[in-house]
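Structure, as structure tokens:
The values are calculated or read from the model by the stated rules, or taken from the named source; none is laboratory data. As the structure is a prediction and not an experimental result, all values here were calculated from the model. Reconstructed Cβ throughout: ideal geometry from the backbone, glycine too, with neighbour counts over all protein chains shown.
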Amino acid sequence: ATGAYPKRVKVVEVGPRDGLQNEKNVVFSPVKINLINMLSETGLQVIEATSFVSPKWVPQMADHTEVMQGINKLPGISYPVLTPNLRGFQAAVAAGAKEVSVFGAASELFTQKNINCSIEESLERFEEVMRAAREASIPVRGYVSCVLGCPYEGKISAAKVAEVSKKMYSMGCYEISLGDTIGVGTPGSMRDMLAMVMKEVPVGALAVHCHDTYGQALANILVALQMGVSVVDASVAGLGGCPYAKGASGNVATEDLVYMLNGLGIHTGVDLQKLMDTGTFICNALNRKTNSKVSQASCRL
Amino acid sequence: QEPQASGLPEYVKIVEVGPRDGLQNEKVIVPTDIKIELINQLSKTGLPAIEVTSFVSSKWVPQMADHKEVMRGIERHPGVQYPVLTPNLQGFHSAIAAGATEVSVFGAASESFSKMNINCSIEESMERFEEVTKSARNMNIPVRGYVSCALGCPYEGNVVPDKVAEVSKRLYSMGCYEISLGDTVGVGTPGSMKKMLEAVMKEIPLSALAVHCHDTYGQALANILTAIQMGVTVVDSSVAGLGGCPYAKGATGNVATEDVIYMLNGLGINTGVNLCAVMEAGNFICTALNKKTNSKVAQASFSTGTI
């Protein structure tokens, strides 16, 4: 049954971080800053600005401090940044960050390959961040990667996703974003995974972060909404390919998501035209075509 | 996953429209032997229905000028239907003479679209189709009815669900065994899909309904999911997402069969179709057309080397 949809959905824009981090071409700080400033005018309430990780690992985010200090921080808008550990957290706060994110995973192999430690060890690192964040009154968002499949392990058990989500929530993350990292999920696996996670974490604290690598993102998001999820991550112009499938797409496009939500009568506060204009800007800067179908269709070239 | 436990159908019939709707809307015209090879490959995938060609004047649709040769040249696999488009009685006779055993007629829920597309009003088009269905009934030939612009029109914009229901009812009453509701410009969303289906379901039994979603705005799979959740069990799609949108330059059109099957497989819904075989057929036709596939599943599968 289609059931009732939430009346409002919070769209979390991850283009400047997750998007740009996974693009082939690097953009300079002024372009990033302009991108974030344009996004700030669209009505989006949350814009993930950058990542305080070592530039040795993520060169695209090497200018994190300049970006954080350079952007217009509009009232009512949150600009979370990634902080993998205490050191990153401290650098972020020093640069003016008021919200941070930590990245866990539901797969041991993925954690090993991605951040070179076990799930348990990663959670210990996050505990340090949580403690410092609590003292500084800084909210922390928790991400769980590979919730519907792992590029190394393949199938991921919903119980494992629930376990990791519960740990991160109990540690103090105000929201848990469940990521279909390689986009293999379908409405079936999304439903099963959410049913398990919702036993451990209240639905009001859940978000979905769907990749469109197999074209399933909007259908997966639809099912999540039907189950009561009201926070959805997306990336302007669908920035950010998939590092595990060469040439394949990654993040779902914010424009396409907003188009769907508008059609469902769900309030987002986002101006679709301004969003499309922002997408056009960053695609020009990156010298690439948009991944947003709404943008492509609306283009009168 | 148990589809029935979540209220979903156990089986969905996929109607493959790539060789007709797909190729008709591709920039490059494909030679007859390539069309035949594509259809023969699709016949081996488990697809239950493959729309082969269109018996319209080659003046209007040059891509389908070889309709007779294609119809006569393809292998006919038992258990697979090979419907063809027939806009009027003349096309119908031509199709039968060439060996067609199922035909389709194309109506629209928008007067402007009907005038621009086939140069007559909805009412006039229905009269033409009545002639076809009457002849078809006499020869025991099943007729499928399409309703274009079910969720929006490139000329009129909004289309009222009751109008879609009215046209659908007309086609169904005249003898069409199935009504395929087309989101011709892909503007629909799960919201408008639901409203439209609710109106149509008052007039037509669910089992006689199909959805034909275009992915021009990326909404196709979400719209198809909505339809399936409401009990629709027939879905049209096009291998490799062949067929751009003639109303939005450079934009995509048909939803890719591979992407639909991937979703249905994940939902535990049976289609009888071998996804890998469809991807192979998609790869074949994209190579022949010298274009990239529009199927994300195919893109991802070829990239990760799982194909």
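From the list B:GLN41, B:GLN63, which one is surrounded by 15 or more Cβ atoms within 10 Å (Cβ to Cβ), polar (S, T, N, Q), at pLDDT 95 or above and part of a helix (DSSP H, G or I)?
B:GLN41
From the list A:SER40, A:SER54, pick out the single residue that is surrounded by fewer than 17 Cβ atoms within 10 Å (Cβ to Cβ), more than 30 Å from B:SER6 (Cβ to Cβ) and hydroxyl-bearing (Ser, Thr, Tyr). Outline the logic, then answer.
On the way: A:SER40 fails: surrounded by fewer than 17 Cβ atoms within 10 Å (Cβ to Cβ).
Only one candidate qualifies: A:SER54.
Restricting to the stretch B:190-221, give me the number of residues that are within 23 Å of B:ASN25 (Cα to Cα) and more than 9 Å from every other protein chain (Cβ to nearest Cβ).
Looking only at that region, the number is 5.
Which of the residues belonging to the stretch B:222-239 are within 12 Å of another protein chain (Cβ to nearest Cβ) and within 24 Å of B:PHE284 (Cβ to Cβ)?
If the condition is that a residue be within 12 Å of another protein chain (Cβ to nearest Cβ) and within 24 Å of B:PHE284 (Cβ to Cβ), then B:SER237 is the only one that fits.
Which residue pairs have Cβ atoms under 9 Å apart, sit 6 or more places apart or on different chains, and have a first residue in the stretch B:259-282 that is in a strand (DSSP E or B) and a second that is crowded, with 24+ Cβ neighbours inside 10 Å?
B:ASN270/B:VAL12; B:ASN270/B:LEU264
Could you check B:VAL105 against (1) under 19 Å from the mean Cα position of the chain (by Cα); (2) not in a strand (DSSP E or B) and say which number it fails?
(2)
I'm told B:LEU209 meets every condition in (1) surrounded by fewer than 24 Cβ atoms within 10 Å (Cβ to Cβ); (2) touching a helix residue (DSSP H, G or I) at 6+ places or on another chain (Cβ under 8 Å); (3) over 16 Å from B:PRO9 (Cβ atoms) except one. Can you identify the failing condition by its number?
Among (1) surrounded by fewer than 24 Cβ atoms within 10 Å (Cβ to Cβ); (2) touching a helix residue (DSSP H, G or I) at 6+ places or on another chain (Cβ under 8 Å); (3) over 16 Å from B:PRO9 (Cβ atoms), B:LEU209 violates only (3).
If I filter the stretch B:19-37 for residues that are touching a residue at least 12 places away in the same chain (Cβ under 8 Å), small (Gly, Ala, Ser) and surrounded by fewer than 23 Cβ atoms within 10 Å (Cβ to Cβ), do I get at least one hit?
no
(1) modelled with pLDDT under 95; (2) in contact with a strand residue (DSSP E or B) (Cβ under 9 Å, 6 or more places away or on another chain): which one isn't true of B:GLY250, the others all being true?
Of the numbered conditions (1) modelled with pLDDT under 95; (2) in contact with a strand residue (DSSP E or B) (Cβ under 9 Å, 6 or more places away or on another chain), the odd one out for B:GLY250 is (2).
What number of residues within the stretch B:153-184 are surrounded by fewer than 22 Cβ atoms within 10 Å (Cβ to Cβ) and either under 15 Å from B:SER207 (Cα atoms) or not charged (D, E, K, R) (or both)?
Qualifying residue count, the stretch B:153-184: 12.
One residue is enough: does the stretch A:206-229 have a residue meeting the conditions of a type in the set (Val, Ile, Thr), surrounded by fewer than 24 Cβ atoms within 10 Å (Cβ to Cβ), under 16 Å from the mean Cα position of the chain (by Cα) and more than 13 Å from A:ALA106 (Cβ to Cβ)?
Within the stretch A:206-229, one or more residues are of a type in the set (Val, Ile, Thr), surrounded by fewer than 24 Cβ atoms within 10 Å (Cβ to Cβ), under 16 Å from the mean Cα position of the chain (by Cα) and more than 13 Å from A:ALA106 (Cβ to Cβ).
Inside the stretch B:23-66, can you point out the residues that are among the hydroxyl-bearing types (Ser, Thr, Tyr) and more than 23 Å from B:TYR11 (Cα to Cα)?
B:THR32, B:THR53, B:SER54, B:SER57, B:SER58
Looking only at the stretch B:19-38, count how many residues are polar (S, T, N, Q) and outside any loop (DSSP other than H, G, I, E, B).
Summing the residues that are polar (S, T, N, Q) and outside any loop (DSSP other than H, G, I, E, B) in the stretch B:19-38 gives 2.
Answer with yes or no whether A:LYS73 is of a type in the set (D, E, K, R), surrounded by fewer than 24 Cβ atoms within 10 Å (Cβ to Cβ) and touching a residue at least 60 places away in the same chain (Cβ under 8 Å).
Spelling it out, it is not the case that A:LYS73 is of a type in the set (D, E, K, R), surrounded by fewer than 24 Cβ atoms within 10 Å (Cβ to Cβ) and touching a residue at least 60 places away in the same chain (Cβ under 8 Å).
Considering only residues that are surrounded by fewer than 24 Cβ atoms within 10 Å (Cβ to Cβ) and touching a helix residue (DSSP H, G or I) at 6+ places or on another chain (Cβ under 6 Å), look in the stretch A:171-187 and name the one that is nearest to the other protein chains (Cβ to nearest Cβ).
Among them, the one singled out is A:GLU175.
Just give me the residues in the stretch B:175-208 being touching a strand residue (DSSP E or B) at 6+ places or on another chain (Cβ under 8 Å) and either in a helix (DSSP H, G or I) or over 27 Å from A:LYS293 (Cα atoms) (or both), in sequence order.
B:GLY175, B:CYS176, B:TYR177, B:GLU178, B:ILE179, B:MET193, B:MET196, B:LEU197, B:VAL200, B:MET201, B:ILE204, B:ALA208 - these are the residues of the stretch B:175-208 that are touching a strand residue (DSSP E or B) at 6+ places or on another chain (Cβ under 8 Å) and either in a helix (DSSP H, G or I) or over 27 Å from A:LYS293 (Cα atoms) (or both).
Can you pull out every residue in the stretch A:253-273 that is in a loop (DSSP other than H, G, I, E, B) and within 7 Å of chain B (Cβ to nearest Cβ)?
Of everything in the stretch A:253-273, those that are in a loop (DSSP other than H, G, I, E, B) and within 7 Å of chain B (Cβ to nearest Cβ) turn out to be A:LEU264, A:GLY265.
Which one of these does A:ALA285 not meet: (1) away from every other protein chain (no Cβ under 12 Å); (2) outside any helix (DSSP H, G or I); (3) in contact (Cβ under 8 Å) with a residue 60 or more places away in the chain; (4) over 18 Å from the mean Cα position of the chain (by Cα)?
Against the list (1) away from every other protein chain (no Cβ under 12 Å); (2) outside any helix (DSSP H, G or I); (3) in contact (Cβ under 8 Å) with a residue 60 or more places away in the chain; (4) over 18 Å from the mean Cα position of the chain (by Cα), A:ALA285 comes up short only on (2).
Could you look through the stretch B:246-259, keep only residues that are at the interface with another protein chain (Cβ under 9 Å from one of its Cβ atoms) and under 14 Å from the mean Cα position of the chain (by Cα), and pick out the one that is farthest from B:CYS286 (Cα to Cα)?
B:VAL255
Could you look through the stretch B:1-18, keep only residues that are within 14 Å of chain A (Cβ to nearest Cβ) and not in a loop (DSSP other than H, G, I, E, B), and pick out the one that is surrounded by the most Cβ atoms within 10 Å (Cβ to Cβ)? Show your work before the answer.
We begin by selecting, within the stretch B:1-18, every residue within 14 Å of chain A (Cβ to nearest Cβ); these are B:1-10, B:12.
Going one step further and asking which of them are not in a loop (DSSP other than H, G, I, E, B), we end up with B:4-6.
Values: B:GLN4: 10, B:ALA5: 8, B:SER6: 16.
The residue in question is B:SER6.
If I filter the stretch A:222-252 down to residues being touching a Cys at 6+ places or on another chain (Cβ under 8 Å) and facing chain B (nearest Cβ under 8 Å), which single residue comes out as modelled with the highest pLDDT?
So, considering only residues that are touching a Cys at 6+ places or on another chain (Cβ under 8 Å) and facing chain B (nearest Cβ under 8 Å), the one modelled with the highest pLDDT is A:SER249.
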